Amino acid sequence: MIRTVTDVEECRALWEAFAAGERVWDEWDIVSAYHDQRQYDLQFLVHEAGGKADGMVPMVHDQKDDSFELYGGCYPENRPLWVRPGDFPEFFEHFPPQTVFFDLNGDCVRTILADHPQYLPNFREQDQRYFLVPETFQYDFGNHINTFSGDKRSGFLYDLRKIRQLNPVIHWSDDDEADLFIRLSNQNFGAESDYIAESGQDELKRVVHAFQAGGYLRTITISINGNKEAVAFCVLYKGTMVVAYSSSNNSFKNLGKLLNVETIQEGCRLRVNEINYMTGMQWKANWKMNSEICYTMRKPPKPEAETAAAGQVLTGPIREELQ
């Protein structure tokens with residue numbers, strides 16, 4: 001039996017019962033910061049047997065376009081579905097049309113598809129989550145850079161030397177620099193920035209405040225000529241550093257590269273187990289980061305021709321194993 005829960009306190013209790021507490025996205029207060037209750041209605045689906053909840057999908061309804069997604073929206077990544085594989089078909093029948101779950105944990109999805117390959121078209125889209133394991137390069141990113149090809153390594157180090165000639169000042173803190181991030185993002189991307197609209201700004205400010213209130217926030221700023229020109233918000237959670245947001249003034253060539261190098265070196269100094277750079281963006285692959293697949297689930301599935309054109313079709317050994 002599956003029932004729908006809309007009461008916020010009951011939803012929170014269910015969340016805390018199922019969340020493993022392994023990732024920062026398991027924290028109710030953090031994911032709730034991404035939830036805009038003015039636009040989204042809670043629609044948590046709970047599977048029960050013998051009066052006891054044994055599975056749950058924390059879904060929300062977007063009033064603007066009548067779509068459905070996971071609580072907290074599309075920003076948190078590598079998320080599992082708290083569903084026993086055998087119960088997935090029953091849950092799937094309860095997912096309304098226009099349901100999209102972004103960046104689901106690969107192991108979770110592969111376990112479901114191993115038992116139910118008929119849903120392969122619904123999980124056709126994929127992305128890569130990128131991460132570094134500092135222990136593998138002895139907690140010094142310079143050792144990782146040394147694994148680049150000769151020309152690439154020389155060019156990389158040259159770029160860092162050039163930007164460092166401007167005498168940038170690196171500062172780490174737990175400060176809320178949301179306004180700085182918004183200014184830099186809007187300066188770089190103009191009308192295409194996610195933070196032009198008040199709603200985007202409000203979300204960012206809620207999220208950064210939640211990181212800070214939870215004691216997870218590590219903020220890096222880089223100043224040049226006395227002005228802050230780059231910022232990144234990192235989240236420290238149980239041995240993982242998540243690089244959640246970063247922006248730099250594009251007028252300074254290679255400032256973004258310096259920002260990322262200094263961020264990674266801080267993770268090394270803190271001896272974290274993993275530095276999570278989340279999904280997407282080719283430069284992460286170019287830096288030889290580790291990667292693993294995350295999947296997007298859609299009901300109904302996106303036509304295969306569209307996902308093929310976007311380079312997102314499920315291919316290779318995973319597909320072969322499921323056919």
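The values are calculated or read from the model by the stated rules, or taken from the named source; none is laboratory data. Note that this is a predicted model, so its numbers are computed, not measured. Cβ placement follows ideal geometry from the backbone for every residue including glycine, while neighbour counts extend to all protein chains displayed.
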Practice task
Scan (1) surrounded by fewer than 18 Cβ atoms within 10 Å (Cβ to Cβ); (2) over 27 Å from TYR130 (Cβ atoms); (3) β-branched (Val, Ile, Thr) for the single condition VAL46 breaks and write down its number.
Solution key: (1)
Practice task
Answer yes or no as to whether ASP103 is touching a residue at least 40 places away in the same chain (Cβ under 8 Å), assigned to a strand (DSSP E or B) and among the charged types (D, E, K, R).
Solution key: yes
Exercise for the section: For region 89-97, indicate whether the set of residues that are of a type outside the set (A, V, I, L, M, F, W, C), farther than 26 Å from ASP202 by Cα, crowded, with 19+ Cβ neighbours inside 10 Å and touching a residue at least 24 places away in the same chain (Cβ under 8 Å) is non-empty. Expected result: no
Fill in the blank from the handout: For region 188-217 the number of residues that are polar (S, T, N, Q), within 23 Å of VAL169 (Cα to Cα) and surrounded by 16 or more Cβ atoms within 10 Å (Cβ to Cβ) is 1
Handout entry: So ASN254, is it surrounded by fewer than 22 Cβ atoms within 10 Å (Cβ to Cβ), free of Cβ contacts under 8 Å to residues at least 12 places away in the same chain, over 17 Å from the mean Cα position of the chain (by Cα) and under 19 Å from SER185 (Cα atoms)
Key = no
Practice task
Can you tell me which residue within region 304-323, out of those that are at pLDDT 60 or above and touching a Pro at 6+ places or on another chain (Cβ under 9 Å), is surrounded by the fewest Cβ atoms within 10 Å (Cβ to Cβ)?
Solution key: GLU304
Fill in the blank from the handout: For VAL57, the lone unmet condition from (1) crowded, with 19+ Cβ neighbours inside 10 Å; (2) more than 30 Å from GLN201 (Cα to Cα) is (2)
Exercise for the section: Return the only residue of SER185, SER173 being surrounded by 15 or more Cβ atoms within 10 Å (Cβ to Cβ) and among the hydroxyl-bearing types (Ser, Thr, Tyr). Expected result: SER185
Practice task
Check whether at least one residue in region 21-28 is acidic (Asp, Glu), crowded, with 18+ Cβ neighbours inside 10 Å, in contact with an Asp or Glu (Cβ under 6 Å, 6 or more places away or on another chain) and not in a loop (DSSP other than H, G, I, E, B), and report yes or no.
Solution key: no
Exercise for the section: Can you tell me which residue among ILE220, ILE224, ILE293 is out of contact with any strand residue (DSSP E or B) (no Cβ under 7 Å at 6 or more places or on another chain) and buried (at least 17 other Cβ atoms within 10 Å of the Cβ)? Expected result: ILE224
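Residues checked against (1) within 30 Å of GLY239 (Cβ to Cβ); (2) surrounded by fewer than 20 Cβ atoms within 10 Å (Cβ to Cβ); (3) in the same structural domain as TYR245 (by TED's automatic domain parsing):
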{"site": "HIS35", "(1), (2), (3)": "yes, yes, no"}
{"site": "LEU70", "(1), (2), (3)": "yes, no, no"}
{"site": "ASP87", "(1), (2), (3)": "no, yes, no"}
{"site": "CYS108", "(1), (2), (3)": "yes, yes, no"}
{"site": "LEU113", "(1), (2), (3)": "yes, no, no"}
Exercise for the section: Restrict the check to region 70-81 and report whether at least one residue is farther than 30 Å from THR240 by Cα and modelled with pLDDT of 95 or more. Expected result: no
